[in-house]
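Read-outs throughout are calculated quantities, based only on the coordinates presented, and are distinct from any laboratory measurement. Predicted model only: the values in this text are computed from it and were never measured. Cβ atoms come from the backbone with ideal geometry, glycine included; neighbour counts cover every protein chain shown.
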Amino acid sequence: MDRRTIGIVLNGVTGRMGYRQHLVRSLLAIREGGGLPLRDGTLLWPEPILVGRDDARLRAIADRHGLTEWTTDLGAALARPDVEIYFDAQVTNVREKAIRAAVAAGKHIYTEKPTAGDLAGAVELARLADAAGVKHGVVQDKLFLPGLRKLDRLVKGGFFGRILSIRGEFGYWVFEGDWQPAQRPSWNYRTADGGGITVDMFPHWHYVLEQIFAPVRAVTAHVTTHIPRRWDESGQPYEATADDAAYGIFELDGGVVAQINSSWAVRVYRDELVEFQVDGTEGSAVAGLRNCRIQHRSTTPKPVWNPDLPATEQFREQWQVVPDNEEFRNGFQEQWELFLRHVVEDEPYTWDLWAGARGVQLAELGAQAAREGRRIEVPELGA
């Protein structure tokens, strides 16, 4: 079977997400499977070119996986004629400049989010990519989680009737770094480095709400820094200038209200690190990363409030588990395969830089709503 090689610059591969999800569990997984089958029978073979700031770390990753191409010179990598795609998993505050350079070099763009540090930059990237005629995509991995795919299946099947509300809880306790190492890098807590949970998570909530339920029309939020002092990777204390918790209310088309709490200063008392409860006239569901449970109108019990007696009902046991009904693969790999087919075979792909810009817009408006203490409508973005 014929094989076609496609060169892909991976910038930021020394980071956790860039390495584990995008290199190892996506592109290298495609190679381990023999390549990506195309319509004409050809196998598409991704050829990663690793880019970063630390030559030694890049070399170590390349040696570990039998790769031969790495460099600290992004310009040289983008100038290569065998490179067709540029992927960015860097920290937010350097992403926009690198994507601009890749667009100028005529490369197709695939990137983590947020796509830029502010809405103006995100919109400009989308416009530049359109004008250059390059294809572009933004990672929207939560849509591929098994729990949310089951939830999407319920929505499309009309299980809920008229959806009334959505309640989301996301987060966990991130250690401050003094007596136990933090599970997240210190830049996450510095505004100057592009940190903050609002700019990180609101773009996720935007595409989850928009793609599974309905477009977001207004936002109200409270944003705060609960833990003002943390310790970095060297054990040195620093001031946490970025927000570590955001409490948002999102108004969707059709009168649906979504309340989503995001926090790195909360201890988990739920089944999974993220959970969404959806309530509708005909039924309700609770979906997490992998699992989803439902309660239909016909099987809904009739609790009675009585503070004088202990509760005897086992409320969690009254819900039904939604079966998998399919094999769920790694969502990052699935989305990579969709984008590769979009580039090579012109297959449809909707999660582009404009979708990324709408996510940045919601984060920016959420932060504004918190500063000004008011509800803010979300205007349409024009191309």
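Things to note:
- Surface/4 of the Cα convex hull for the stretch 80-122, nm²: 2.9
- Applying the Karplus relation 6.51 cos²θ - 1.76 cosθ + 1.60 with θ = phi - 60° to the stretch 316-327 yields 3J(HN,Hα) values of 5, 6, 8, 9, 9, 7, 7, x, 5, 6, 6, 8 Hz, where x marks Gly and Pro.
- Evaluated with a Cβ-only charge set (Lys, Arg +1; Asp, Glu -1), the stretch 39-100 carries a dipole of roughly 220 debye about its Cα centre, given to the nearest 20.
- Beta bridge orientation in the chain: antiparallel %, DSSP, nearest 5: 60
- Taking every lysine pair in the chain that is 8 or more places apart or spans two chains, those with Cα atoms closer than 29 Å amount to 15.
- Within the stretch 340-383, trypsin sites (Lys or Arg not before Pro) in DSSP loop having at most 14 other beta-carbon neighbours inside 10 Å: ARG374, ARG375
- Think of the stretch 1-106 as having a plus end and a minus end, set by charges on the Cβ of Lys, Arg, Asp and Glu; of VAL91, PRO37, LEU27, VAL91 sits farthest toward the positive end of this dipole.
- Residues in the stretch 227-241 that a label on ALA56 would reach, taking backbone N under 17 Å of a point 7 Å out along Cα→Cβ: 234
- Cα-centre dipole for the stretch 1-127 with unit charges at Cβ (Lys and Arg positive, Asp and Glu negative), debye to 20: 240
- Spin-label model, GLU239/VAL257: points 7 Å from Cα along the beta carbon direction are separated by 3.8 nm.
- Computed about its Cα centre, the charge dipole of the chain is approximately 280 debye, with only Lys, Arg, Asp and Glu carrying charge at their Cβ.
- Amide H contacts under 5 Å for ASP352, placed H, 5+ residues apart: VAL138
- The label point for GLN320 and the one for ARG267, both projected 7 Å from the Cα toward the Cβ, are 3.7 nm apart.
- Over the stretch 102-237, relative contact order from alpha-carbon pairs under 8 Å, at least 6 apart, %: 24
- Taking amide H atoms as placed 1.01 Å from N in the peptide plane, the amide H of ALA242 lies under 5 Å from those of ARG190, THR191, each 5 or more residues away in sequence or on another chain.
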